[in-house]
1. For the pair Gln184 and Ala29, what calculated FRET efficiency results from E = 1/(1 + (r/R0)^6), where r is the Cβ-Cβ distance and R0 = 35 Å, to the nearest 0.05?
2. Taking +1 at the Cβ of each Lys and Arg and -1 at the Cβ of each Asp and Glu, which of Phe269, His403, Ala123 sits farthest along the dipole of the chain towards its positive end, judged by Cα position relative to the Cα centre?
3. Quick one: what do you get for segment 77-337 if you divide its Cα Rg by 2.2 N^0.38 Å?
4. Nearest 10 degrees is fine. How inclined is helix 305-320 to the longest principal axis of the chain, computing both from alpha carbons?
5. Go ahead and estimate [θ] at 222 nm for the chain from helices alone: -39,500 (n - 2.57) per DSSP H run with n ≥ 4, summed, over the residue count, rounded to 500.
6. What full-extension length gain, to one decimal in nm, is calculated for Glu320 and Tyr77 as 0.36 nm per residue of separation minus the Cα-Cα distance?
7. Of Pro19, Pro213, Pro36, which has the largest mean-square fluctuation in a 10 Å C-alpha GNM of the chain?
8. Under 5 Å between amide H atoms, partner at least 5 residues away or on a different chain: which partners does Val405 have, H built in plane at 1.01 Å?
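Coordinate-derived values only; no laboratory data. None of the values given here were measured: they were computed from a predicted structure. Note that each Cβ is placed from the backbone with ideal geometry, even for glycine, and that neighbours are counted across all protein chains shown.
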Amino acid sequence: MGSIEEPQSSLFSNLPTIPPDEPFSVNAAYQEDTHPKKVNLGIGVYRTSEGNPWPLRVVEDAEKTIYEMKDHGRHEYLSIQGDQVFLRLAADLVFNFDSTTKDRERIASIQTVSGTGANRLGAEFLSRYIHPRPQNVWIPDPTWANHHTIWQLAGTSSSSSTPSIKIKTYPYYDSNTGGFNYNQTMKKLSSEAKENDIIILHACAHNPTGADPSIEQWENIAQLCKERHLIPFFDLAYQGFASGDVDKDGWAIRHFFQAGLEFCVAQSFSKNFGLYGQRVGALHVVTKAPSATITSTGHDKDPGTTEDVLATLCHLVRGEYSMAPRGGAEIVRTVLSNDGLRQKWVEDLRMMSSRILGMRRALFEELVRLGTPGDWTHILRQIGMFTYVGLSENQVAAIRERHHVYMLRSGRISISGLNESNVRRVAMGIDDVVRTVS
Ligand SMILES: Cc1ncc(COP(=O)(O)O)c(C=O)c1O
C-alpha cells in the first residue's frame, strides 16, 4: 500500500477576505457594550419609544386568524412562483391596481426571499437574459451597501469571478444641501449611461441618506430613462413606512408604469409589516404594454412576454431555492385581503412613521437648543428610517467611544433607535464631537 500524502494546506486556504457587514457588526459591538446608557442607531429596524421590537398589532391579529384556521395544507410547498393571491395583492399595492385593471398583464411577479432576494433575483435575471446585454449598472452613491454585493455577484459564470455587468455610481447625495443631487445625477447619466444600462433607484426613503427626488425630478428621471433606453430598477423597501401613506410612497413607480417603461421592482415587507426575519418579498418585472392585436377569438393577443419572463424567473428560483418561504407571505396576504385588517395596518404604519417624524423633530430641536455648530435642517427634510446626520468618520468613532452611541461610519443613523429617554443624550454626544473632533 502506498502512503497517503498529507495535504499541504486546507482546500479553503485561498478564500478571499470578506469584510464584516457593517450594520450587523455595529449591532454586535452594541450588544457587547455593557454601558447602561448605550444607544443603538446602527441597525435599520423599528423600535418602540421604550426601545423594544414591535410586532405590529395587525400582524398579531393575522397570526391568530391563521392559527385558528388550522389549515392542513399550511406547511405544504408553495408553487415555484409563490403564493399567487399574495403576489396579486403585493402588485396591487405597488401599482395601485383595482379589480378591473388589465394593466396587470404587463407584470410578471414572483415571490422572493424578502427585498434582498428580489434585488438578487432581478440582478441575476437582467444580467443573464437582457439583449443587447447591459454594459453597466448605475448605483447611487451612497446606497444600501448590499446593492454593491448583489451586483458583484450577479451573472458571474463558474469560470470567472468578474461580474458581467460593470458597476458604476452616480452622485446621489449633495452634502451641502443634505438633499438629492439632481443636477449631477442627470449630468452623469445623460452623458455616460449607455442603452440598456440599468439604473438602481430607491422608490422612497433613500437608504442611507433619507433624501428623495421631488415629483418633478422623478418625472425627468423617467423621461431620461425613456430617451436613453435605460432600465430602471426600483428598490421598494419602505412603502408606507416612509410617509405613512402607501400611495405617496409608491408614486414614482406608478409614474414610471404610466410612462410605459419596462422595469423591475424589488418589494420588501420587512419594514412596513415588521416581518424582518420572515423574509417576505416579491420581484415585479414590468414589460411593455401589450400591442392591441385582436386574435380570432376576439381577445387582445398576449405578446407572451410576461409569461416568458415569469418562466425564466421561475427557472432561476428553482435552481436556487425552489420557492420562497410561505409563513410571512401568508400573514401579509391575510392582512391585505381583509378590509378591516388592512385599515388596521394603515393605522400601525401611521403610528410607526409618525413616531419617527417626531424623533426627527426632537433631535433637531435638541441640537438647536444646544447651539450645536452647523445647519441641522436636513434632519427634518430627510424622510424614512435613516438620516445622514453629517458626522465625519472620526466623529462617529468618538461618539461611540465617549458616549456609547452606535451608528454607521458614514454617519447614517436609524432614527427609530431614538426615543424620549435617549434623544437628549444623543444630541449632547453629537454636540460634543462636532465641537471637539474634525
Ligand atoms: C434600500 C433597501 N433595500 C432592500 C432592503 C432589504 O431588506 P430585506 O431583505 O430585509 O427585505 C433594505 C433593508 O434594509 C433596504 O434598506
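1. 0.55
2. Result: His403.
3. Rg over 2.2 N^0.38 Å, computed on Cα atoms: 0.97.
4. On a 0 to 90 degree scale, this one is about 60.
5. -13000 deg cm²/dmol
6. Once the chain is fully extended between Glu320 and Tyr77, it gains 86.0 nm.
7. Pro19
8. Those lying under 5 Å, H to H, from Val405 are Val39, Arg400.
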